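Rule-based calculations on the coordinates, nothing more; no lab input. Source: prediction; values computed, not measured. A quick note on method: Cβ atoms are made from the backbone with ideal geometry, for glycine too, and the neighbour counts reach across all protein chains shown.
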């Protein structure tokens, strides 16, 4: 979260490299949100493009006391996606009631919540099964968002070695998850 916050601050100052990194870290999630609402990848891509333009222009307006960076960004994407969906329905002859009835809920159902909880439990058990160094790598890369280059500098190894270590650790997590699930 601190990384995203610092990237937004840098974007507010016009740092294009920071914006590129922010996009790199968040685009998949943002696309998923747009696609969930729009159910069309072409429209989701358009929404994402517009959303990142807005994020770039409004980065200085982000207030960390109101929400996390990802929540702020998802709100922008969600609002644009809903507007796009509303326009498409109205252009096809529908009315506001049609728009409201076709918007998907972004909240998880009880079943999805239970499944996610079970998956988290399996993931935590699999992480605990890793040796401490592999666990450190996984947490640094996928929880804290450290780049392969940052990890290479921290551990004094080439980026290619870090990538190999991460791949092996992820494979070990998958194997452990399957073992715990059985």
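I'd like the projected area of segment 1-96, averaged over all directions, using the convex hull of its alpha carbons. Report it in nm² with one decimal. Can you show the working numbers first?
On the way: hull surface 25.3 nm².
So the Cα hull casts an average projection of 6.3 nm².
May I ask you to derive the relative contact order of segment 2-102, considering only C-alpha pairs under 8 Å and at least 6 residues apart, and to give it as an integer percent? If you can, show how the numbers build up before the last one.
Details: 87 pairs, mean separation 30.8, N = 101.
Contact order relative to length: 31 percent.
May I ask you to compute the full-extension gain from residue 123 to residue 27, defined as 0.36 nm times their residue separation minus their alpha-carbon distance, rounded to one decimal in nm?
32.2 nm
Just subtract the alpha-carbon distance of residue 133 and residue 160 from 0.36 nm times their residue separation and send over the number in nm, one decimal.
On the way: separation 27, 0.36 × 27 = 9.72 nm, distance 1.69 nm.
Contour length minus Cα-Cα distance gives 8.0 nm.
Pop a pseudo-label 7 angstrom from the Cα along the beta-carbon direction at both residue 87 and residue 70 and give the gap in nm to one decimal.
2.9
Suppose the Debye formula is applied to equal point scatterers at every Cα of segment 37-82; what is log10 I(q)/I(0) at q = 0.34 Å⁻¹?
-1.24
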